[in-house]
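Student: Before I ask anything, let me first share the structure, which is written out below as structure tokens.
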Amino acid sequence: MDSIENALFRAAFRAALGEEGYRRFVAAGAVPRLRYWQEVELQKFFVRHPEHQMAVTQIADALRVCELHDGLLQPEVVEVIDGCIDYSQTYLNARRATFPHAAADPVSTEGRKNMPMRVSVWYCTVCRASRSAWMSEN
């Protein structure tokens, strides 16, 4: 459930960073930790907007949105397959540009040992619909 406080934070943060900067920040994520450049941007923002000051864990929750569609990401537990998956560059480009948070591709071990049989993912409902449309067309 998204809080009004989170929505207000996102709106102010987006206005401060600009659309491209905001999308880049959100796409980089906040888990397991912020990158140095993200920490710098947040500190500058908090100096200008102390009313939006929040802890890193709160920031991770507030920014758990799709940077493309701005919808809240939904949790899901999916199965892991043993092996590697190679996608075409065309698909990878489309995924990055059109449905970055579809989280509809199989999760694979990619050769890692001791991987759990199920993992948690976050997905955007609009990304999933966009992926389905892209898959139908291609």
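Student: I'd like to know if segment 37-59 contains one or more residues that are outside the structural domain of residue 127 (by TED's automatic domain parsing), among the aliphatic types (A, V, I, L, M) and under 27 Å from residue 138 (Cβ atoms).
Tutor: Within segment 37-59, not a single residue is outside the structural domain of residue 127 (by TED's automatic domain parsing), among the aliphatic types (A, V, I, L, M) and under 27 Å from residue 138 (Cβ atoms).
Student: Give the residue that is modelled with the lowest pLDDT, with candidates limited to residues of segment 87-133 that are surrounded by 14 or more Cβ atoms within 10 Å (Cβ to Cβ) and either assigned by TED's automatic domain parsing to the domain that holds residue 26 or of a type in the set (Ser, Thr, Tyr) (or both).
Tutor: Step by step, filter segment 87-133, then rank; the result is 109.
Student: How about segment 21-34: which of its residues are loosely packed, with under 15 Cβ neighbours inside 10 Å and either in contact with a Gly (Cβ under 8 Å, 6 or more places away or on another chain) or at pLDDT 95 or above (or both)? Working first, answer last.
Tutor: So the first thing to find is which residues in segment 21-34 are loosely packed, with under 15 Cβ neighbours inside 10 Å, and the list is 21, 27-28, 31-33.
Of everything in segment 21-34, just one residue is loosely packed, with under 15 Cβ neighbours inside 10 Å and either in contact with a Gly (Cβ under 8 Å, 6 or more places away or on another chain) or at pLDDT 95 or above (or both), namely 21.
Student: Next up: Does residue 84 qualify as being in contact with a Ser or Thr (Cβ under 8 Å, 6 or more places away or on another chain) and either more than 30 Å from residue 9 (Cβ to Cβ) or not assigned by TED's automatic domain parsing to the domain that holds residue 31 (or both)? First the steps, then the outcome.
Tutor: Working: in contact with a Ser or Thr (Cβ under 8 Å, 6 or more places away or on another chain): yes; either more than 30 Å from residue 9 (Cβ to Cβ) or not assigned by TED's automatic domain parsing to the domain that holds residue 31 (or both): yes.
So residue 84 passes the test.
Student: Which ones in segment 35-85 are more than 17 Å from the chain's Cα centre (by Cα) and buried (at least 18 other Cβ atoms within 10 Å of the Cβ)?
Tutor: 41, 42, 45, 52 - these are the residues of segment 35-85 that are more than 17 Å from the chain's Cα centre (by Cα) and buried (at least 18 other Cβ atoms within 10 Å of the Cβ).
Student: At least 1 residues that are touching a strand residue (DSSP E or B) at 6+ places or on another chain (Cβ under 7 Å) in each: list the helices (runs of 4 or more DSSP H) lying fully within segment 22-138 that qualify.
Tutor: Working: elements: 36-48, 56-62, 89-98, 125-137.
Output list reads 125-137.
The values are calculated or read from the model by the stated rules, or taken from the named source; none is laboratory data. It should be emphasised that the depicted structure is a prediction, and the values quoted were computed from it without experimental measurement. Here the Cβ is made from the backbone with ideal geometry for all residues, glycine too, and neighbour counts use every protein chain on show.
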